[in-house]
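What follows is a set of notes on a single structure, which appears directly below.
No lab work stands behind these numbers, since they all come straight from the coordinates. Worth saying up front: this structure is predicted, and the values here are computed from it rather than measured. As a convention, Cβ positions derive from the backbone with ideal geometry for all residues, glycine included, and neighbour counts pool all protein chains shown.
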Amino acid sequence: MYIFLEILFFIFSFLVFWAIIGYPFSLKILDKLLTKNELPKNYNYQPTITILIVAHNEESVIKEKLENVSRINYPKEKLEILISSDNSTDTTNEIVEDFIVNNQDKNIRIYKAKNRKGKTNAQNEAVRTIKSELIVFTDANAMLDKNACIELAAAFYDESIAYVTGKLCYTNRDIDLASESESSYWDLDLALRDIESRFQTITAGNGALYACKRKDYVEFDPIKSHDSSMPLYYSLNNKNAIANHDALAFEKAGENIKDEFNRKVRMSRIILASILPSLKILNVFRYKWFTYFYLGHRTSRYLLWFSHIMVLLLNMILINESSIYVITFGFQLVFYTIAVLRRFFYINNRFINMIYYYCMTLYAQIVGVMKVITGKAKPTWEKAGSTR
């Protein structure tokens, strides 16, 4: 019996290690051993584009966003700007309509979703009205580099490419614990996506900036998000999702832990369904690197909350079996105690802050999973005020 528990303890310990250290390190090694060429681009490919912005009560940023995308460097006759208002109840719609009236030389229109069902539904409804060849999706609070559309389009260099994500850059990296910690995490994730993209395909994008061909657009259930669900869908259907980190978007990271916690809880509503969304992923002969990328980058991370719980519980049961388990239990106790103390006392130490941020992320995963289990997960979202 105890041998079985020990095996489980080491399996879940390995999953934690692999998600945090093992997989990122393995990609770095692969990148050194199997160097891939830089992303090929076709700048002659300039299809018609619709920039789609989903907005719910974004009166504080929507005018700046419209001014930003109006300055995009792309042939005017091939560019449309579409705002899908997810049942906004503030002055968002009025601001957009005034902007349209005052900028009639630009192809801008608004779609109003009558019922608030979340970002994905607002995208689904708006896309039904789009006839452009390419759709560029971007958040209301993300400001785009003037060449973002040219770069995204150029990355669709052959028919196998169905999805291209850009690079999100945080503009407030060192403001406080939340923005600094999220920026550090994001830097690592961008590096992993860059390697995955050059090998074959990424496993998720980001909502600030991504694009797909209109003919390849798929309407997902509103509880899901396109930026994370699309790469998986395309990869399982013999198409690739890649990253072009020359296509830039800029926004603020959450500047307080509450905003970041709520964002991560919302993101965690997909965890249970995404741990292993299809057994087909395990077919390494068909999906090649994608199998390795998804299991390492997604499955192991989506299991972090459960792996940590299991490691702690199994350690408590095994603590009298060996001095090793006394040491590992003591390590966990110190680790979580540091996070709790940081929660209640201000300690300006980078190492301690990262432990606290990591534990906050684990807790957000648990809360998100519990919302799913209890039927409280919703497709709607509340914007983080500190990111505006």
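Taking the number of Cβ atoms within 10 Å of each Cβ as an exposure proxy, the fewest-first ranking of ILE11, ILE62, ILE161 is ILE11, ILE161, ILE62.
Hydropathy first: keep DSSP H helices in the chain averaging at least 0.5 on Kyte-Doolittle, then drop any whose Cα extent along the axis falls short of 20 Å, and list what survives. All intermediate terms of the calculation are to be shown ahead of the outcome.
Details: long enough: 2-17 (22 Å, 2.52); 177-199 (34 Å, -0.44); 304-318 (21 Å, 2.03); 323-344 (32 Å, 1.32); 350-373 (34 Å, 1.06).
Long hydrophobic helices here: 2-17, 304-318, 323-344, 350-373.
Between ASN238 and ARG343, what length in nm is gained on full extension when 0.36 nm per residue of separation is reduced by their alpha carbon distance? List each step's numbers first, then the result.
Working: separation 105, 0.36 × 105 = 37.80 nm, distance 4.56 nm.
So the extension gain works out to 33.2 nm.
In the chain, Cα pairs under 8 Å separated by at least six residues give a relative contact order of 21 percent. Rg/Rh for the chain (Cα atoms only, Rh after Kirkwood) is 0.99.
Principal axis extents of the C-alpha atoms in the range 49-255 (largest first, rounded to whole Å): 46, 42, 34.
Highest mean first, what order results for 330-336, 243-249 on Cβ atoms within 10 Å?
Taking the mean over residues of other Cβ atoms within 10 Å, the ranking is 243-249, 330-336.
Of all aspartates and glutamates in the structure, those lying under 20 Å Cα to Cα from LYS371, and not within fewer than 8 positions of it along the same chain, are ASP221, ASP259, GLU260, GLU382. Based on C-alpha pairs under 8 angstrom that are at least 6 apart in sequence, the range 154-281 has a relative contact order of 41 percent. Placing +1 on the Cβ of every Lys and Arg and -1 on the Cβ of every Asp and Glu, with nothing else charged, gives the chain a dipole about its Cα centre of roughly 780 debye.
For the range 15-113, state the average projected area of the convex hull of the C-alpha atoms over all orientations, rounded to one decimal in nm². Please list the in-between numbers first.
Numbers: hull surface 43.0 nm².
So the mean shadow area of the Cα hull is 10.8 nm².
Which chymotrypsin sites (Phe, Trp or Tyr not before Pro) from the range 208-297 combine a DSSP loop assignment with at most 15 other Cβ atoms within 10 Å?
Numbers: sites: TYR210, TYR217, PHE220, TYR233, TYR234, PHE250, PHE261, PHE285, TYR287, TRP289, PHE290, TYR292, PHE293, TYR294; in loops: TYR217, PHE220.
Nothing satisfies the criteria.
Result for the chain in a Gaussian network model with C-alpha springs under 10 Å: among VAL69, VAL127, VAL326, the largest mean-square fluctuation is at VAL326.
Amide H contacts of ILE108 (H built 1.01 Å from N, in plane; Pro and chain starts excluded): ILE81 sit under 5 Å, all sequence-distant by 5 or more or on other chains. Packing, taken as the mean count of other beta carbons within 10 Å per residue, orders the peptides 94-101, 25-32 from highest to lowest as 94-101, 25-32.
The Kirkwood radius of the range 158-255, taken over pairs of alpha-carbon atoms, gives through the Stokes-Einstein law at 4 °C and 1.567 mPa s a diffusion coefficient of 92 µm² s⁻¹.
Evaluate E = 1/(1 + (r/R0)^6) for SER323 and VAL372, where r is the Cβ-Cβ distance and R0 equals 56 Å; express this FRET efficiency to the nearest 0.05. List each step's numbers first, then the result.
Details: r = 39 Å, r/R0 = 0.70.
About 0.90, to the nearest 0.05.
Using Cβ point charges alone (K and R +1, D and E -1), the dipole size of the range 101-162 about the Cα centre works out to roughly 640 debye. Looking at the range 200-277, none of the trypsin sites (Lys or Arg not before Pro) sits in a DSSP loop with at most 12 other Cβ atoms within 10 Å of its own Cβ. Between ILE3 and ASN103, the distance separating the two model label sites (each 7 Å from Cα on the Cα→Cβ line) works out to 7.0 nm.
The charge dipole of the range 49-255, taken about its Cα centre with unit charges on the Cβ of Lys, Arg, Asp and Glu (plus for the first two, minus for the last two), comes to roughly 820 debye.
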